[in-house]
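Comments concern the structure below.
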Amino acid sequence: MSFSGDLKAELERILPSGRTAAETALAVLLTNTAGLSDAGSGSVRVCFLPGIRAALKKRFTLILKTVNISTDCCLARENGKTEEEDADGFVMPPRFTDLLRDLRIIREDGTVGENDGTLYRALLDGRRSRWYLREMFLCTGFMNDPKQRYHVEFRCFSEPQAGQLRDVLAENGIRAGITRRKKYYVVYVKDSEDIVLLLHLMEASVSLMATENARIYKEVRNTVNRRVNCETANIGKTIESAARQMEEIRLLRESGILQTLPPQLREAANLRENNPGASLTELGALAVPPVSRSGMNHRLRKIAVLARKAREDISVTSQS
């Protein structure tokens, strides 16, 4: 199973324990997975949309029990339809209609209006927003494996629904954007800290730990890569400087100047020739007595000045 599938399986195991949470969960499920129609006698028919996962249908029946509504005897069977053809439809009792009216999913007169996916604002306040986010992810969400990249998205079927979701995320401190993708309005979250916060709000502890582990691994890997790149660059500079210094020392030796230099400069020249790959710190440690990095750098810079003067003298002599 994919990371997103594992996350949904984890969230499906969390059921609302109180009526307020159950109301928000039901409202999200109904607006995203089912169609409603008048069944007569004060009843409402619920039909799940094609392609809805069996786990969400089961979740619908389990959450209904939280508000003391059973679907055991509600399976709809109409004349001319087989049980298999009608297996996704429920004709709910009048008390369910009352619940839908309270949730503002249907009108006061019991008629079903246009569904744009948005919910009555009271269903999103306080801790209810956590249930809203959890159910929205179950119905419309997807998350990439954090080992590959940080990306969470919700595929909303209307612009108002996408706007409401983005607002709820923002109220919980999560930055999200909206983009159009074919017939959907996609709400996306890309920042790793925002994704961690979202998983925390949805109480997806296992997926949260996996994401944090991936973050730590990436941070360590990036730190190591930066250090390796820095060390590689430093090694390159050391080799380049050493090659230039050895060329300067060769020039001074061939021109007979090296033998006339003070002992400290001759020692520095000999150390560089014998240790072409050593850093200034390492050369300083080999000196007798040892000198600091800056001290060795000062001596080699003096050699460079003398070599430059010798090169100029040779150039003048050759021209004359």
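Just so it is clear, none of the values below were taken in a lab; they were calculated from the coordinates. The shown structure was predicted, so the numbers you read here are calculated from the model rather than taken from an experiment. Cβ coordinates were reconstructed from backbone atoms using ideal geometry, including for glycine residues, and neighbour counts include every protein chain displayed.
Brief remarks on what is shown
- Loop-resident GluC sites (Glu not before Pro) (DSSP state other than H, G, I, E or B) in segment 187-263 with no more than 15 further Cβ atoms inside 10 Å of their Cβ: Glu203.
- Distance between the modelled labels on Thr223 and Glu159, one decimal in nanometres: 4.6 nm (7 Å Cα→Cβ projection).
- Modelled FRET efficiency - R0 30 Å, Ala122 with Ala54, Cβ distances, 0.05 increments: 0.45
- Over the chain: Kirkwood hydrodynamic radius from C-alpha pairwise inverse distances, Å: 25.5 Å
- Members of Lys57/Lys182; Lys58/Lys147; Lys183/Lys218; Lys58/Lys182; Lys237/Lys309; Lys57/Lys190 lying beyond 28 Å, as alpha-carbon distances in this model show: Lys58/Lys147; Lys183/Lys218; Lys58/Lys182; Lys57/Lys190
- Integer Hz, Karplus 6.51/-1.76/1.60 couplings in order for segment 40-53, x for Gly and Pro: x, 6, x, 9, 10, 9, 10, 10, 6, 6, x, x, 6, 5
- Positive minus negative residues near Asn68 (Lys, Arg vs Asp, Glu; Cβ under 11 Å): +3
- Förster radius 51 Å - calculated FRET efficiency between Arg13 and Asn270 (Cβ-Cβ, nearest 0.05): 0.10
- Helical contribution to [θ] at 222 nm, DSSP H n ≥ 4, -39,500 (n - 2.57), averaged over the chain, rounded to 500: -18500 deg cm²/dmol
- Each residue, Glu231 and Glu282, gets one label point 7 Å from its Cα in the Cβ direction; the gap between the two is 1.3 nm.
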